Amino acid sequence: MRCPFCAHEDTQVKDSRPTEDNTSIRRRRQCNSCGARFTTFERVQLREVVIVKTGADSSDPRREPFDRSKLEKSVSLACRKRDVSQERIDQLVSGIQRQVETAGDAEVPSSRIGEMVMDGLKQLDSVAYIRFASVYRDFSEAKDFEEFASTVADAAKD
């Protein structure tokens with residue numbers, strides 16, 4: 001593992017333990033060159049999954065490898081300054097990753113992942129759900145927020 005501080009390629013594992021949700025291994029490492037310590041996480045990857053993104057030009061969709069960190073970043077951004085623990089965010093992201101990898105499809109549309117995130121955030125935190133929806137569904141006016149928030153409030157009453 002390359003040291004993130006000095007780029008030296010020789011590092012030593014000092015401690016390994018499973019994470020709380022048992023979906024990855026947390027390793028504390030130390031660089032043999034500069035002595036810096038850092039943490040890495042090792043996760044099981046069942047298969048290579050490619051995300052198909054359709055943009056303005058849907059005749060030529062972009063394809064890119066599934067990136068857990070991008071998914072985690074977008075969920076964390078939606079949950080920012082909310083009372084949602086990092087552990088709950090990790091559980092949601094791990095669940096979505098597991099669904100994507102076990103679905104059996106080599107290519108997954110980004111819209112399917114977006115809907116999975118929406119479903120997960122709906123259960124996790126209503127404000128984070130509305131924040132994510134505002135970007136995912138491209139809200140352009142205040143009335144878009146009002147309409148969506150009223151449907152969320154109506155669903156909460158039921």
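The values are calculated or read from the model by the stated rules, or taken from the named source; none is laboratory data. All values derive from a computational prediction rather than experimental measurement. A quick note on method: Cβ atoms are made from the backbone with ideal geometry, for glycine too, and the neighbour counts reach across all protein chains shown. Just so you know, the surface numbers come from the protein's heavy atoms only, side chains and all, with ligands and any DNA or RNA stripped out. Shrake-Rupley method; radii C 1.70, N 1.55, O 1.52, S 1.80 Å.
Taken over the range 119-146, the criterion of being surrounded by 12 or more Cβ atoms within 10 Å (Cβ to Cβ) and among the charged types (D, E, K, R) is satisfied by Asp119, Lys122, Asp125, Arg131, Arg137, Asp144. When each of Ser74, Ser69, Ser59 is tested for being part of a helix (DSSP H, G or I) and open to solvent by 50 Å² or more (accessible area, probe 1.4 Å), the lone residue that passes is Ser69. Among the residues making up the range 95-152, those that are of a type in the set (Lys, Arg) and part of a helix (DSSP H, G or I) are Arg98, Arg112, Lys122, Arg131, Lys143. Take the conditions (1) open to solvent by less than 50 Å² (accessible area, probe 1.4 Å); (2) at pLDDT 90 or above; (3) in contact with a Leu (Cβ under 8 Å, 6 or more places away or on another chain); Glu101 misses just one of them, which is (2). Taken over the range 79-91, residues that are under 11 Å from the mean Cα position of the chain (by Cα) and either open to solvent by less than 20 Å² (accessible area, probe 1.4 Å) or at pLDDT 95 or above (or both) amount to 1. Scanning the range 4-51 for residues that are among the hydrophobic types (A, V, I, L, M, F, W, C) and either in a loop (DSSP other than H, G, I, E, B) or under 30 Å from Asp105 (Cα atoms) (or both) turns up Phe5, Cys6, Ala7, Ile25, Cys34, Ala36, Phe41, Val44, Leu46, Val49, Val50, Ile51. Quickly run through the range 33-48 and pick out the residues that are open to solvent by less than 80 Å² (accessible area, probe 1.4 Å) and touching a residue at least 24 places away in the same chain (Cβ under 8 Å). Result: Ser33, Cys34, Ala36, Phe38, Thr40. Taken over the range 3-23, residues that are under 16 Å from Glu87 (Cβ atoms) and free of Cβ contacts under 8 Å to residues at least 60 places away in the same chain amount to 3.
The set of residues in the range 47-101 being in contact with a helix residue (DSSP H, G or I) (Cβ under 7 Å, 6 or more places away or on another chain) and of a type in the set (A, V, I, L, M) consists of Val49, Ile51, Val52, Leu71, Val75, Ala78, Val84, Ile89, Leu92, Val93, Ile96, Val100. Within the range 105-158, the residues that satisfy the criterion of being of a type in the set (Val, Ile, Thr) and either under 19 Å from Phe66 (Cα atoms) or under 18 Å from the mean Cα position of the chain (by Cα) (or both) are Val108, Ile113, Val117, Val127, Ile130, Val135. Restricting attention to the range 12-32, which residues are closer than 23 Å to Gly95 by Cβ and either of a type in the set (Gly, Ala, Ser) or open to solvent by 60 Å² or more (accessible area, probe 1.4 Å) (or both)? Matches in the range 12-32: Arg17, Pro18, Glu20, Asn22, Ser24, Arg26.
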